Structure formats: structure tokens, C-alpha cells
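Asker: Can you read through this structure? Questions will come right after.
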Amino acid sequence: MALLMVIQPVLFAQKNIMQDERMQWWRDARFGMFIHWGLYSIPAGEWKGKEYPQIGEWIMKNARIPVKEYEQLAKQFNPVKFNAHDFVMTAKNAGMKYITITSKHHDGFAMFKSEASNYNIVDATPYGKDLIKGLAEECQKQGLKLCFYYSQSRDWHEPNGLDNDWDFPKERDFQKYLDVKVKPQLTELLTQYGPIGMIWFDTPMTISKEQAQQLKDLVRKLQPATIISGRLGGGVETDYMSTGDNVIPSTVIRNDWEVPATLNNTWGFKKNDHEWKSPEALTRLLFDIASKGGNYLLNVGPTSEGLIPQESVDILAKVGDWMKINSECIYGTQASPFNMEFKWGNITQKEGKLYLGIFNWPASDFYLEGLKNKIKKVYLLSDKQQKPLKFKETYNQETDHHRLKIDLPKQAPDKVISVVVVEIEGTASVEDFICQQADQSILLPGISGVAKKDGQPAELKFTARGGGADWRDSDISLSWKFKVEKPGTYQVDLVTTETGSHGTPVWEGGQKIKITCKGQSQETTVADENREYNPRSQYWKLIHTSAGKIKFDKPGEYEVSLIPIEFPQNKTGFTFKEINLTPAK
Ligand code: JFZ
């Protein structure tokens, strides 16, 4: 026991050092390219003249295409226009530091030379070359990390793989599939292409803990430095957490996590999907995700000819233009010292420096609320001369509140995100209470509220798609303590979110709730007064309901509570996101 007491900390420390070493390049990178490419780029969203609205790489399942038919696509797959240099250059030019390509997706086709299955690009296609080899060499040359997406459970080509219920009977010998295809192919991927940065597993379905551990052990044995992404499954610990597709958390998460995201509404190429996100929106999402401590894995879906769609190249190049000036506020940064988002933007940090990413340039003075550190210097990141900007620090003893006023130039230096560098003394330290902003607004995020049931702490998950609560128990209430500087009457804006699947978002109103504060109480029925696009979760809009007014008669601390009265339907639940308090007009 005594010996264990001594050894354990050492082992733990060793494990941590190993983990930090393994993760360092990935943590510093913050931005990577996802590539979904395979036979599905030939039908490109259509099968036998019928267009399928879902994500393109699922055409075999959505059109329930028999293996015998789908396999024929391999005979047509000949991406002669593929040029590894251009692929890697497109990523590098955007500021991306790693590339994760689908070595095998759910359709079971291997985009690399495999002895384990002749259903691969070298043995089954007229192209006949191992294009992953070319990509590996080019990544080495241009200094990007190469990573592999591998669908470990879902394999619609294999009788013992999962999820093809249109060709194969229910009974599966899944372990046999793991032993004869998955493990041999992971071995090929981790022995044929040099150092591999990461294996991106996906949709684990019913893989067991033992089976998932077998795959983790195999990767650790073959390349100990290779990172294992979040969707291995079986409850086995991996090296970081993957969020749902295109889902950006609404607060800081102080662990390793990554958002896989699309440039339009599909991963695999679809010839009729032109709903491209704007470079501005993508650049803001990159900064927003970094400010919350996450990595951004942004996807391209090459065509069957072997080209990345020009729209994707152009959009990524514009993101790259911003990165060429501002990448210091992305690479090697940590999450904001504040847990919550700001209306004006967000913050990333390095030791002694805060990077304020301002999306909405203020018409007049700019204020940063709640930063306790002494300020050394303030300047624009885009200004190579680092000309000091005037600033004024104030401390309100009565409310114990720190405020930093920065005199910003009238014109925003950048129309996408203008970054202001604030050099501070010491490590960033911020007030841990909600305080009124200079524009007198007060934001009460659901995720920062205190949930109670019968006076006892209760748990409220904010896991609904769109970032709202999964609030079904009307006996749970939510409260916030915060400081008011400017007494007066304030309008209560209650925000809920759509939820449900990407394609068919749903929203349920009609909840009867009351807002209370110091003897004041306002009853409201949640209604859809107006909907707002939420760049942080593209599929699910925000719904606003005006929930009455609250009067704060003097400066000081207040507590507001949101108390359900009745939840009528309860199919999707009360998808509460936040309350905005703004001076009543
Ligand atoms: C999966 C794949 O099915 C899809 O084809 C693509 O590769 C994507 C990156 O990952 O789709 C998912 C997986 C998990 C979630 C959503 C879509 N999820 O957890 O929300």
C-alpha cells in the first residue's frame, strides 16, 4: 500500500506528461481540415435520378442501395484531377495545421491500399493508385499533420459490419468484422504512411467496452503519439471530446474538445448543395470556438474528379486572409478567462495577454467588465507598430466591480473580427459574478443559473440541440445573482431555442412561467414573438419572448428566478437558453 502511495502519483504524472506531449501540437493548432471523400462523391446526392436531401456520404443507406449495385461505383472512381499539393496548400493557406481524411467511411470503401479488403482504391478502381500515400508525403513536405477518419462500427459493405439492414440479416459476428477488417486496416494506416497525428473514429453504435479498448490498445501500440478522437465509443476514455456536428457550446469548456463542421449542409460532395457559409461567419466561429477552448475541424467534400469545390477553396482562402494578420490570437491560445460569451464578441488568451475579438465594433467607447488585473498596454493586433491605445481602469468599491474603458478608433480595423490586445500584469483573474455591461444590458445565461427543486440543488442539462435546456421537470427553478449599477426598469427578454434534427428543427412553446425578483413577479406564456439565426448553431434558431419588466430601485446585488408554473405539451421540453435584461424603452 505504502509503495502504491508512492508509485501512483508518479504513474499519474507520467500519464499526464505523456498526454500533454501527445496533445501539444493539436492544442496549439486549433484549426484543421476535415476531408470527406469517397465513392459517394460520384452520385453526389442523387440516385437513379432522385435527389436525397440528407448528407451526401449517406446515399447508400438513404437510397438503400444494395452492395452489388453500390460496389459498381468503384469501377467509375477515377479522380485524375487529384493533386495532393493543392489539397494541402488549400488547408495551409487557410491557416489549418492538420488534415483528417476519410480513409474508410460508413460505405466500407478504403481510400488506401489494403490487403484486408480488396474493396479499396488501388484494387477496385481504374485510378489504381494509393492517393493517401501522396497526401502523406505532401503533408510531411508542407508541415501539416495527417490524420485518418475511420468508421469502426458502421460498415454497409460488410455482412458483419453494422447498419446495413437492407442487404444483410440482423445476425452479425461484429467481433469477426473487427478482427478481419478493422484491426488489419488500422494497422495498415498506422504503418504505411509515416507518423499519423490522430485517428478520428465515428458513430460507435453498439461497440462494447472491450472491443473499443482493443482498438485503443492497437493504436497506442502502433503509434503511441497518435491522438484518438472522441467518438471511439464503448465508454472508453479517449484523448478529447467531439461535439455534435456543427454544434458550438455556449460557454467555455476547459478540456480538450473539437467541433466537426461543414462548409455547407453536407460532408460528402453533393452537386446541388450550394448553401455555403460565409467566410465572415466561419472566421467568427473559429474565434468563438477558440475562445471557448476548442478546436475547429472544418470540412471539404472533393468531387469524384479529385477537386475541392472552388467555392470551398475561395471561402477558405478568405478565412486564411484573416489568419495571415491575426493568427497570433488563435494558435497556442487558451480559452477566455470569462465563462460566458459577450454580445460584442469573445476572448482568447496567452500568458500576460488577452485577445479581445470584437465582432460588433462599438459606435462609441468600448468597455470590458470584470477584469481584475492591472493593465500594462492596449493595442490593435493588426497594428505591427503596436501603437498604444488610450484606456482607463475604474473600480467601483460599492459593487466591487472592475471596468476597463478602451478608446478604440472610430473605424473598425477589420470588418470580420477586429482584435484588440490587452497586456496585463500576472495571470488573468476575473470577477466570478454576473455584472451589468456598459450598455446596461444584463445577460443571465441558463448554463450559469442555479437550478433548485424543493429548495435542493437540482440538475438541468443544456444539451438540447441549439444550446437550449432539456427542461422537462416543472418543479425545477433557475436563479441568478448579479450586480446592478444603473437602477431603473428593465425589459425581460426570454430566449429559447429550436431543437430536433438538422433538417427538421422543432420548437415547443406554451410553457407557463413566472419571473420573480425582490417581491416582483411576472407570469408569461412562452410564445414565438421572433426568431433569430444563431451563428453558433446553424440548424436551430433562437426564439424570443418578452416576459414583462423588472424594477431595480437602487445599485447593488439582486436575484432573479425563473419558476415554471406549467409545462403543457412536453414533447421537446422547455428549451430555455438565456434571459436578457435591457433598459425598458
Ligand atoms: C457522423 C457521420 O455519420 C457523418 O457521415 C459524418 O462523417 C459526421 C462527421 O459524423 O455523423 C454524425 C455523428 C454524430 C453526430 C451527428 C452526426 N452527433 O453526435 O450529433
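Asker: Of the conditions (1) open to solvent by 40 Å² or more (accessible area, probe 1.4 Å); (2) more than 16 Å from the ligand (Cβ to nearest atom); (3) under 18 Å from Met23 (Cβ atoms); (4) in contact (Cβ under 8 Å) with a residue 12 or more places away in the chain, Lys209 fails just one. Which one is it?
Answerer: Going through (1) open to solvent by 40 Å² or more (accessible area, probe 1.4 Å); (2) more than 16 Å from the ligand (Cβ to nearest atom); (3) under 18 Å from Met23 (Cβ atoms); (4) in contact (Cβ under 8 Å) with a residue 12 or more places away in the chain one by one, Lys209 breaks only (3).
Asker: Has the stretch 43-55 got any residue that is outside any loop (DSSP other than H, G, I, E, B) and buried (at least 21 other Cβ atoms within 10 Å of the Cβ)?
Answerer: Looking for residues that are outside any loop (DSSP other than H, G, I, E, B) and buried (at least 21 other Cβ atoms within 10 Å of the Cβ), one finds none in the stretch 43-55, hence no.
Asker: If Leu218 satisfies all but one of (1) of a type outside the set (Lys, Arg); (2) free of Cβ contacts under 8 Å to residues at least 60 places away in the same chain; (3) on the phi < 0 side of the Ramachandran plot; (4) in a loop (DSSP other than H, G, I, E, B), what's the number of the condition it fails?
Answerer: Checking Leu218 against (1) of a type outside the set (Lys, Arg); (2) free of Cβ contacts under 8 Å to residues at least 60 places away in the same chain; (3) on the phi < 0 side of the Ramachandran plot; (4) in a loop (DSSP other than H, G, I, E, B), the one that fails is (4).
Asker: Shifting gears a bit: What's the number of the condition Pro505 fails, among (1) out of contact with any Ser or Thr (no Cβ under 6 Å at 6 or more places or on another chain); (2) within 16 Å of Ser561 (Cα to Cα); (3) crowded, with 16+ Cβ neighbours inside 10 Å?
Answerer: Condition not satisfied by Pro505: (2).
Asker: Being within 16 Å of the ligand (Cβ to nearest atom) and among the basic types (Lys, Arg) is the filter here; which residues of the stretch 121-166 pass it?
Answerer: Correct list: Arg154 only.
Asker: Working only within the stretch 547-567, note down all residues that are in a loop (DSSP other than H, G, I, E, B) and surrounded by 13 or more Cβ atoms within 10 Å (Cβ to Cβ).
Answerer: Pro555, Phe567
Asker: Could you go through the stretch 89-105 and let me know if any residue there is over 26 Å from the mean Cα position of the chain (by Cα) and in contact (Cβ under 8 Å) with a residue 60 or more places away in the chain.
Answerer: No: the stretch 89-105 contains no residue that is over 26 Å from the mean Cα position of the chain (by Cα) and in contact (Cβ under 8 Å) with a residue 60 or more places away in the chain.
Asker: In the stretch 34-44, what residues are touching a helix residue (DSSP H, G or I) at 6+ places or on another chain (Cβ under 6 Å) and either away from the ligand (no atom under 13 Å from the Cβ) or without any contact (Cβ under 8 Å) to a residue 24 or more places away in the chain (or both)?
Answerer: Across the stretch 34-44, the qualifying residues are Leu39, Ile42, Pro43.
Asker: Are any of the residues in the stretch 395-402 open to solvent by 70 Å² or more (accessible area, probe 1.4 Å), among the hydroxyl-bearing types (Ser, Thr, Tyr) and touching a His at 6+ places or on another chain (Cβ under 9 Å)?
Answerer: yes
Asker: OK, next. Looking at the structure I just gave you, is Lys68 part of a loop (DSSP other than H, G, I, E, B), away from the ligand (no atom under 16 Å from the Cβ) and open to solvent by 10 Å² or more (accessible area, probe 1.4 Å)?
Answerer: When the stated conditions are applied, Lys68 does not pass them.
Asker: Oh, and also: Mind listing just one residue for me: the one in the stretch 434-453 that is part of a loop (DSSP other than H, G, I, E, B) and open to solvent by less than 50 Å² (accessible area, probe 1.4 Å) and, of those, nearest to Asp470 (Cα to Cα)?
Answerer: Once the filter is applied, the top-ranked residue is Gly449.
Asker: Hey, among Asn534, Asn530, which residue is polar (S, T, N, Q), at pLDDT below 95 and open to solvent by 50 Å² or more (accessible area, probe 1.4 Å)?
Answerer: Only one candidate passes the filter, namely Asn530.
Asker: Next up: For the stretch 461-486, enumerate the residues that are part of a loop (DSSP other than H, G, I, E, B) and within 18 Å of Ile515 (Cβ to Cβ).
Answerer: Gly468, Ala469, Ser474, Asp475
Asker: Out of the residues in the stretch 26-74 meeting the condition of being closer than 27 Å to Leu146 by Cα and of a type in the set (Lys, Arg), tell me which one is nearest to the chain's Cα centre (by Cα).
Answerer: Ranking the qualifying residues of the stretch 26-74, first place goes to Arg30.
Asker: Also, I was wondering about something else. Hey, any hits in the stretch 215-224 for a residue that's away from the ligand (no atom under 14 Å from the Cβ), closer than 30 Å to Asp414 by Cβ and basic (Lys, Arg)?
Answerer: Looking through the stretch 215-224, none of the residues is away from the ligand (no atom under 14 Å from the Cβ), closer than 30 Å to Asp414 by Cβ and basic (Lys, Arg).
Asker: Of the numbered conditions (1) surrounded by 13 or more Cβ atoms within 10 Å (Cβ to Cβ); (2) assigned to a loop (DSSP other than H, G, I, E, B); (3) of a type in the set (D, E, K, R), Lys387 fails exactly one; give the number of that condition.
Answerer: The number of the failed condition is (1).
Asker: If you check Trp156 against the conditions, is it over 27 Å from Ala29 (Cβ atoms), surrounded by fewer than 20 Cβ atoms within 10 Å (Cβ to Cβ) and touching a helix residue (DSSP H, G or I) at 6+ places or on another chain (Cβ under 9 Å)?
Answerer: No: the conditions fail for Trp156.
Asker: Across the stretch 229-249, what is the total count of residues that are more than 16 Å from the ligand (Cβ to nearest atom) and touching a residue at least 12 places away in the same chain (Cβ under 8 Å)?
Answerer: Qualifying residue count for the region: 2.
Asker: Which residues, taken from the stretch 28-42, are within 21 Å of Gly320 (Cβ to Cβ) and part of a helix (DSSP H, G or I)?
Answerer: Answer for the stretch 28-42, where residues must be within 21 Å of Gly320 (Cβ to Cβ) and part of a helix (DSSP H, G or I): Asp28, Ala29.
Asker: Under the condition of being open to solvent by 20 Å² or more (accessible area, probe 1.4 Å) and under 29 Å from the mean Cα position of the chain (by Cα), which residue from the stretch 353-379 is nearest to Glu423 (Cα to Cα)?
Answerer: Lys353
Asker: Given the options Thr187, Thr283, name the one that is among the hydroxyl-bearing types (Ser, Thr, Tyr), open to solvent by less than 10 Å² (accessible area, probe 1.4 Å), in a helix (DSSP H, G or I) and in contact with a helix residue (DSSP H, G or I) (Cβ under 9 Å, 6 or more places away or on another chain).
Answerer: Result of the check over Thr187, Thr283: Thr283.
Asker: Quick test for you: out of Gln76, Gln19, Gln54, pick the one residue that is away from the ligand (no atom under 16 Å from the Cβ), over 30 Å from Arg220 (Cβ atoms) and not hydrophobic (A, V, I, L, M, F, W, C).
Answerer: Gln76
Asker: Also, I was wondering about something else. Would you be able to tell me the number of residues in the stretch 313-352 that are free of Cβ contacts under 8 Å to residues at least 60 places away in the same chain, surrounded by 21 or more Cβ atoms within 10 Å (Cβ to Cβ) and not in a strand (DSSP E or B)?
Answerer: Number of matching residues: 1.
Asker: Just to be sure I understand, how many residues within the stretch 75-120 are open to solvent by 10 Å² or more (accessible area, probe 1.4 Å) and among the polar types (S, T, N, Q)?
Answerer: So the answer is 7.
Asker: Please specify each residue of the stretch 425-484 satisfying the condition of being over 21 Å from His401 (Cα atoms), among the charged types (D, E, K, R) and touching a residue at least 12 places away in the same chain (Cβ under 8 Å).
Answerer: The answer is Lys452, Lys453, Asp454, Arg465, Asp470, Arg472, Asp473, Asp475.
The values are calculated or read from the model by the stated rules, or taken from the named source; none is laboratory data. Not measured: the values here are computed from a predicted model. In this analysis, Cβ positions are derived from the backbone assuming ideal geometry, glycine residues included, and neighbour counts consider all displayed protein chains. We work out accessible area using only protein heavy atoms, side chains counted, and drop any ligands, DNA or RNA first. Shrake-Rupley method; radii C 1.70, N 1.55, O 1.52, S 1.80 Å.
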